[in-house]
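Notes follow the structure.
The values are calculated or read from the model by the stated rules, or taken from the named source; none is laboratory data. This structure is a prediction, so every number in the text was calculated from the model and none was measured. In this analysis, Cβ positions are derived from the backbone assuming ideal geometry, glycine residues included, and neighbour counts consider all displayed protein chains.
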Amino acid sequence: MSDYNFAYLDEQTKRMIRRAILKGLAVPGYQVPFASREMPMPYGWGTGGVQVTAATLTPDDTLKVIDQGADDTTNAVSIRKFFQRTAGVATTEETTKASVIQTRHRIPEAELSEDQVLVYQVPIPEPLRFLEPRETETRKMHSLEEYGLMHVKLYEDISQHGDIATSYAYPVKVEDRYVMDPSPIPKFDNPKLEMAAIQLFGAGREQRIYAVPPYTRVVSLDFEDYPFEASKADHACDLCAAGDSYLDEVILDDAGSRMFVCSDTDYCRSRRAAGHVGRLGEEAA
Amino acid sequence: MIKEVGAQDMTPLLQVNSLTKMYGARIGCKDVSFDLYPGEVMGIVGESGSGKSTLLNAMAGYHAPDQGEVIFDTRADGPQDTLKMSEPERRMLGRTDWAFVHQPARDGLRMSVSAGGNIGERLMAVGGPHYGEIRAQAADWLGRVEISDSRIDDRPSAFSGGMQQRLQIARNLVTGPRLVFMDEPTGGLDVSVQARLLDLLRGLGREMGLSAIIVTHDLAVVRLLADRLMVMKDGHEVESGLTDQVLDDPQHAYTQLLVSSVLQV
Amino acid sequence: MIELENVSKSFTLHNQGSAVIPVMERVNLTVGAGECVGLVGASGAGKSTLMRLIYGNYLAAAGRVMVGDLDVAQAAPRHIIARRRETLGYVSQFLRVVPRVAALDVVAEPLLAVGTPLEAARDKAASLLAQLNIPERLWSLSPTTFSGGEQRVNIARGFAYAYPALLLDEPTASLDAKNPRHGADPG
């Protein structure tokens with residue numbers, strides 16, 4: 001295959017990362033510092049997620065990589081190829097067939113199972129950073145469960161926009177203890193954070209790993225009179241007619257005509273394969 | 001509402017015993033002791049470097065003193081040495097029964113958060129928050145510090161110095177604290193703005209029965225706000241007593257010098 | 001009500017060669033409830049000093065200064081403050097209040113301090129200001145801004161709350177001939 005160690009990172013580094021992952025699983029939602037390595041890709045391309053994936057993969061795994069729900073975007077393709085070359089693992093675009101899924105900005109629509117691991121790429125792991133730039137202070141706030149500031153952010157949203165305008169990276173409280181940034185997934189995905197699969201979060205530049213074990217309670221923060229709502233565009237998918245999936249809006253021409261399609265490409269494809277047809281399904285397929 | 005009167009056996013709200021803070025060999029403040037009773041307002045005056053701010057920060061738990069006790073009469077457990085409290089306990093006290101008014105005001109505000117959010121922050125720390133209630137309380141407090149509630153969504157950076165200070169006061173008093181530490185509350189404000197702020201503080205103090213410790217170099221401020229006075233020099237207390245008595249009949253040489261140095265208008 | 005026993009007072013000027021200025025020595029005075037006592041004497045005789053000793057504004061060097069059952073010469077500040085709030089009023093020709101506060105509120109403040117509701121305190125203040133011949137249009141102004149304001153407002157403030165004991169230190173000293181009569185008859 002190549003001169004690389006399995007999955008690029010040396011075994012020492014992988015052990016270090018696995019210790020951080022295990023600690024993260026033991027303390028759900030807590031940000032574990034780790035010695036993030038230089039990776040052969042720039043920050044912002046998922047170096048944190050890649051290191052977590054590298055430490056998680058075994059030769060028997062089947063890997064799926066998605067970016068904004070799609071398997072075929074540049075970021076997803078390059079990371080998939082990276083692991084094909086450095087680990088030689090099987091890859092797939094089918095959610096149900098993958099044992100490890102690395103994702104950026106989405107949770108797959110298909111329900112994940114106990115034998116799967118979902119790895120998130122995280123740009124800014126600290127949910128309190130928005131209002132409190134001091135790392136020493138935010139760490140103290142976490143350790144003392146002083147989370148009033150999190151609601152200040154939501155308060156500001158409502159006072160400026162009339163409702164909670166935060167639509168992605170919507171803060172959650174994990175197992176009644178730590179407030180966590182679920183990475184920039186749409187808040188539509190927040191309810192799915194309570195799942196059967198293991199969820200691991202890696203922030204390369206910020207050198208943090210955190211985790212949500214299977215079946216952990218994950219509650220989106222809100223106000224009594226402004227309860228959390230998992231919103232999406234009020235349409236069905238124009239290709240597969242799904243009414244329950246998160247949609248991307250696609251502009252079709254200069255006249256402003258547009259279509260809505262599932263952001264999860266595998267979900268859309270499998271529905272169409274099963275015979276579901278949306279408004280523009282015939283032409284597009 | 002009315003301050004309790006003449007009760008000889010009343011428990012002090014705050015007992016400061018032999019509080020000492022050193023900076024290496026240099027004295028920050030040394031062996032300072034006093035009792036503060038519910039509803040009392042005490043002024044601490046002295047020149048720059050007299051140790052008055054060091055003392056305030058040591059009492060409020062911002063800088064750990066080297067020696068001494070700061071005993072607060074907590075609601076739940078009676079008198080407790082706050083210096084021996086765990087950090088969560090002390091921070092909880094700092095968000096509920098204690099308040100600290102910083103100088104300059106921007107040090108005590110979140111400048112990137114609206115006025116309403118600034119006032120609401122302490123309220124949001126408690127579970128199951130209700131936006132409408134928090135906003136109503138914020139609007140009410142803006143009114144109490146004489147800021148129009150039409151400014152509720154403006155950021156403090158759009159406010160004048162006097163308004164920022166009043167906002168900081170609202171942000172601190174919204175949880176109904178029993179003890180307020182103030183560092184030069186009128187510092188850096190125009191004289192005309194100072195007068196309004198002093199009147200506001202007197203009114204709020206009377207309505208809420210607040211106890212306060214006010215550090216200032218301005219003798220006119222303590223004459224109008226403080227029931228009693230402590231004069232500090234080189235980290236030591238040189239004289240204390242009833243405010244107007246200390247100012248009008250100072251006993252100690254340094255106090256006499258301090259009082260006679262004030263320009264008369 | 002007020003009882004002075006062997007009260008002495010001197011001032012030590014530490015910054016002027018520690019000069020000691022004796023003002024009074026072993027003064028005794030008893031004022032019963034309901035009594036009205038006048039102090040007369042030349043300037044510098046110690047009339048004002050005596051008043052200030054009773055009010056706690058000056059610290060007695062020796063002796064006891066009893067106001068009710070409290071020795072003002074020894075008492076803790078909070079007890080003197082309480083005594084001043086509830087029992088002992090003081091009116092001089094000088095007004096020491098927050099600048100730019102309305103005359104009406106200056107007069108009402110002693111009532112608010114003992115828990116009188118705002119409306120009632122303002123009503124009482126208004127009637128006092130009217131009695132002292134201050135036109136209503138001036139009530140919202142600071143007492144320092146109109147002629148004779150400080151003195152008249154000071155008198156009104158002194159009488160707003162019905163103190164069991166009141167110290168009057170030349171309260172009408174700088175009022176003109178027409179106004180003292182109003183000042184002397186507060187009702």
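Quick rundown of the values:
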| quantity | calculated |
| --- | --- |
| For residue C:97: the one exception among (1) under 17 Å from the mean Cα position of the chain (by Cα); (2) within 11 Å of chain B (Cβ to nearest Cβ); (3) modelled with pLDDT of 90 or more | (3) |
| Members of region B:113-153 that are small (Gly, Ala, Ser), within 24 Å of the chain's Cα centre (by Cα) and either modelled with pLDDT under 95 or under 23 Å from residue B:208 (Cβ atoms) (or both) | B:115, B:116, B:117, B:120, B:125, B:138, B:139, B:143 |
| Filtered residues of region C:120-134 (kept if at pLDDT below 95 and either more than 12 Å from residue C:153 (Cα to Cα) or acidic (Asp, Glu) (or both)) | none |
| Any hit, region C:21-32, residues being free of Cβ contacts under 8 Å to residues at least 24 places away in the same chain, within 21 Å of residue B:253 (Cα to Cα) and not assigned by TED's automatic domain parsing to the domain that holds residue C:107 | yes |
| Any chance residue A:143 is of a type in the set (S, T, N, Q), under 21 Å from residue B:151 (Cα atoms) and within 11 Å of chain B (Cβ to nearest Cβ) | no |
| Residue in region A:199-209 that is among the polar types (S, T, N, Q) and either buried (at least 21 other Cβ atoms within 10 Å of the Cβ) or assigned by TED's automatic domain parsing to the domain that holds residue A:97 (or both) present | yes |
| Residue within region C:37-50 that is touching a helix residue (DSSP H, G or I) at 6+ places or on another chain (Cβ under 6 Å), small (Gly, Ala, Ser) and free of Cβ contacts under 8 Å to residues at least 24 places away in the same chain present | yes |
| Restricting region A:210-256 to residues that are crowded, with 19+ Cβ neighbours inside 10 Å and outside any loop (DSSP other than H, G, I, E, B), the residue that is nearest to the other protein chains (Cβ to nearest Cβ) | A:223 |
| Matching residues, region B:231-261, being closer than 27 Å to residue C:48 by Cβ and in contact with a Ser or Thr (Cβ under 6 Å, 6 or more places away or on another chain) | B:231, B:239 |
| Restricting region A:94-126 to residues that are hydroxyl-bearing (Ser, Thr, Tyr) and not in a strand (DSSP E or B), the residue that is nearest to residue A:247 (Cα to Cα) | A:95 |
| Meets criteria (over 21 Å from residue A:168 (Cβ atoms), among the aliphatic types (A, V, I, L, M) and surrounded by fewer than 22 Cβ atoms within 10 Å (Cβ to Cβ)) for residue A:277 | yes |
| Residue B:43 being modelled with pLDDT of 95 or more and under 30 Å from residue C:111 (Cβ atoms) | yes |
| Conditions (1) more than 21 Å from residue B:220 (Cβ to Cβ); (2) within 14 Å of chain B (Cβ to nearest Cβ); (3) part of a helix (DSSP H, G or I); (4) of a type outside the set (Ser, Thr, Tyr): number failed by residue C:75 | (3) |
| Strands (runs of 3 or more DSSP E) lying entirely in region B:184-265 (those with 1 or more residues that are facing another protein chain (nearest Cβ under 10 Å)) | B:228-233, B:236-242 |
| Restricting region C:74-88 to residues that are surrounded by fewer than 21 Cβ atoms within 10 Å (Cβ to Cβ) and touching a residue at least 24 places away in the same chain (Cβ under 8 Å), the residue that is farthest from the chain's Cα centre (by Cα) | C:86 |
| Failed item in (1) within 22 Å of residue B:131 (Cβ to Cβ); (2) within 14 Å of chain B (Cβ to nearest Cβ); (3) β-branched (Val, Ile, Thr), with residue A:136 passing the rest | (1) |
| Among the candidates B:134, B:169, B:147, residue that is aliphatic (A, V, I, L, M), within 12 Å of chain A (Cβ to nearest Cβ) and either in contact (Cβ under 8 Å) with a residue 12 or more places away in the chain or not in a helix (DSSP H, G or I) (or both) | B:134 |
| Residue C:141 in contact with a helix residue (DSSP H, G or I) (Cβ under 7 Å, 6 or more places away or on another chain), away from chain B (no Cβ under 14 Å) and farther than 18 Å from residue B:202 by Cβ | no |
| Unmet requirement for residue B:202, which otherwise passes all of (1) buried (at least 22 other Cβ atoms within 10 Å of the Cβ); (2) modelled with pLDDT under 95; (3) of a type in the set (Lys, Arg) | (1) |
| Condition check for residue A:153: free of Cβ contacts under 8 Å to residues at least 40 places away in the same chain, under 22 Å from residue B:116 (Cα atoms) and not assigned by TED's automatic domain parsing to the domain that holds residue A:55 | yes |
| Search result, residues across region C:1-35 that are surrounded by 10 or more Cβ atoms within 10 Å (Cβ to Cβ) and part of a loop (DSSP other than H, G, I, E, B) | C:1, C:14, C:15, C:16, C:35 |
| Qualifying positions in region C:98-134 - β-branched (Val, Ile, Thr) and crowded, with 17+ Cβ neighbours inside 10 Å | C:98, C:101, C:106, C:107, C:116, C:134 |
| Flag for residue B:184 being assigned by TED's automatic domain parsing to the domain that holds residue B:56 and within 27 Å of residue B:22 (Cβ to Cβ) | yes |
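Rundown of residues vs (1) outside any loop (DSSP other than H, G, I, E, B); (2) surrounded by 15 or more Cβ atoms within 10 Å (Cβ to Cβ); (3) without any contact (Cβ under 8 Å) to a residue 40 or more places away in the chain, yes/no style:
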residue: B:22; (1), (2), (3): yes, yes, no
residue: B:42; (1), (2), (3): yes, yes, no
residue: B:62; (1), (2), (3): no, no, yes
residue: B:65; (1), (2), (3): no, yes, no
residue: B:68; (1), (2), (3): yes, yes, no
residue: B:72; (1), (2), (3): yes, yes, no
residue: B:76; (1), (2), (3): no, no, yes
residue: B:92; (1), (2), (3): yes, yes, yes
